[in-house]
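The values are calculated or read from the model by the stated rules, or taken from the named source; none is laboratory data. None of these values were measured; they are calculated from a predicted model. We place every Cβ from the backbone using ideal geometry, glycine too, and count neighbours over all the protein chains shown. Keep in mind that these areas ignore ligands, DNA and RNA; they rest on the heavy atoms of the full protein, side chains included. Shrake-Rupley method; radii C 1.70, N 1.55, O 1.52, S 1.80 Å.
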Amino acid sequence: MSRRILIIGAGLTGLALANGLRRAEGVEVTVVEQAPVITEAGWAIALTGRHFDALRQLGLTPEELAADPFDRMVMFDPDTSAPVGVDARSGMIMSRSELQRWLWRPVGDLVRTGITPITAHDNGSRVEVTFSDGAGGEFDAVIGADGINSWTRRTVLGGPDFSYADSAVVRFKVPNTEGLDVVGSTSDGRLGYFLVDGGRAMHGMVFLPGVADNHRGRSLTELAEDFRGLRGPLRSLVDGMLTEPDSFYANINQVVADEWARGRIALAGDAAHAMSPRLGQGAGVGLEDAALLADLLTLPDLPVEAALTGYATIRRPLARHVQQRSHEATQRVGQRGAALGFGALAELRS
Ligand SMILES: Cc1cc2nc3c(=O)[nH]c(=O)nc-3n(C[C@H](O)[C@H](O)[C@H](O)COP(=O)(O)OP(=O)(O)OC[C@H]3O[C@@H](n4cnc5c(N)ncnc54)[C@H](O)[C@@H]3O)c2cc1C
């Protein structure tokens, strides 16, 4: 088999796909990345068993990654601080930067940084692409793994822009001064934490439902005011907020694209289905896209168009399901019992 494949974007999805494709004989992979240097933010990311399976399917060994496992989340009443439930939600928390570096290592030689595509034309037998450095090339398939603001989705396929998903989120990291060994959240889902760095730190999240940019100007100390009555494990998180650690504010946006593949061009990862991080699924669903794409594109007797159509037919409803559950869970934030909605994804656990 001889096949030339272009991946646009060296994020988690694009790099995962490059890993899966490079294993096949006769497949030539090029990845273009707009950033001159890969500088992924070091915030934590959650992956579940399904996502680990996808990494294995791509020929990787996720056990190599340093991760903090969790098997349940304890919910505390936001008014009384009493524990009111335990959600049997399990997964691994890891450094997003480390995950990206790990995915990069085996395929870094395939990545051309500081380059964007300018045009992509599917002539029926190849995709002709021109690049920002003046070069051009012909590819059997082009995969847009270029993130939430995807050029491939918007410009090449004429797809939609992202839309606001009714909440913002602030993330921060504070020392685990109390030596807590279980992850927790208020039962209304507004405040919660995972344990990271081998349990030495808490990765806190404040969800801010409402209009875009709501509370953007408030410091962590000011946001902590909303939780000043909390006692128990979440108290140490609130105390940590009062020390004003570095924090990261983001409006939560999502992408609902009806068309994932046309001819020899397809979308993967956030480009196809960016979703609320509420259930910690976005990156993992991109890894699952990559695993299926790699399998189908390396089947010697399957034409590229059929591989991409098959990929979109299988993956789109699954990703949409996870996206909808994530969106619904985001919309419930602030309501009593909202954080107990993680069970919504129980049927997807492997
Ligand atoms: C606050 C927050 C918390 C999250 N928490 C979790 C979590 O716990 N678990 C989870 O699974 N997911 C989580 N996610 C989602 C996760 O981060 C994303 O789903 C994931 O990073 C998407 O990877 P991607 O490779 O598809 O896109 P990206 O990471 O956006 O990568 C796209 C790449 O394409 C490049 N690019 C863009 N345009 C072009 C172009 N025209 N030419 C060349 N290159 C281009 C970009 O520079 C980038 O490197 C979270 C997201 C947010 C915002």
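Residues of the stretch 190-293: accessible area per residue at 1.4 Å, in Å²?
35
Name the GluC sites (Glu not before Pro) in the stretch 1-50 that are in a loop by DSSP and that have at most 10 other C-beta atoms within 10 Å, would you? Let's see the in-between values first.
Numbers: sites: Glu25, Glu28, Glu33, Glu40; in loops: Glu25, Glu40.
Those that pass, being in a loop and sparsely packed, are Glu25.
Starting from the Cα of Val86, move 7 Å in the Cα-to-Cβ direction to define the label point; list residues of the stretch 185-222 whose amide nitrogen is under 16 Å from there.
185
Leaving out ligands, DNA and RNA but keeping every protein chain, what accessible area does Leu242 have, in Å² rounded to the nearest 10, with a 1.4 Å probe?
90
For the stretch 112-206, what % of the accessible area comes from carbon and sulfur atoms, probe 1.4 Å? Write down the numbers at each step before the final one.
Working: 1770 of 3690 Å².
About 48 percent, which is the carbon plus sulfur part of the accessible surface.
Ignoring ligands, DNA and RNA, what percent of the accessible area of the stretch 11-59 is carbon or sulfur (1.4 Å)?
Working: 930 of 1940 Å².
Solvent-exposed carbon and sulfur of the stretch 11-59 make up 48 percent of the total.
Charges only on Cβ, +1 for Lys and Arg, -1 for Asp and Glu: so what's the dipole of the chain about the Cα centre, in debye to the nearest 20?
Here the chain has a charge dipole of around 300 debye.
With no solvent and one point on each alpha carbon, what is the Debye value of log10 I(q)/I(0) for the chain at q = 0.07, 0.12, 0.13, 0.14 Å⁻¹?
-0.30, -0.85, -0.97, -1.10
Name the residue from Leu208, Thr119, Gly189 whose Cα lies farthest towards the positive end of the charge dipole of the chain, charges +1 on Cβ of Lys and Arg and -1 on Cβ of Asp and Glu.
Gly189
Just to confirm the number: angle between the C-alpha axis of helix 12-22 and the first principal axis of the chain, 0 to 90 degrees, nearest 10?
Orientation of helix 12-22: about 40 degrees from the principal axis.
If you bin the C-alpha pair distances of the stretch 60-201 every 5 Å from 0, what whole percents do you get?
Final binned percentages: 2, 7, 11, 13, 13, 11, 11, 10, 8, 7, 4, 2, 1.
Show that you can apply the helix-only estimate: for the chain, add -39,500 (n - 2.57) for every DSSP H stretch of four or more residues, divide by all residues, and state [θ] at 222 nm to the nearest 500.
Details: 8 runs with 91 residues, N = 350.
So the helix-based figure for the chain works out to -8000 deg cm²/dmol.
Expressed as an acute angle from 0 to 90° and rounded to the nearest 10, what is the orientation of the C-alpha long axis of helix 304-331 relative to the principal long axis of the chain?
Once rounded, one gets 10 degrees.
Among the DSSP beta bridges whose two residues both lie in the chain, what percent are antiparallel, rounded to the nearest 5?
On the way: 46 of 66 bridges.
Around 70 percent antiparallel, to the nearest 5.
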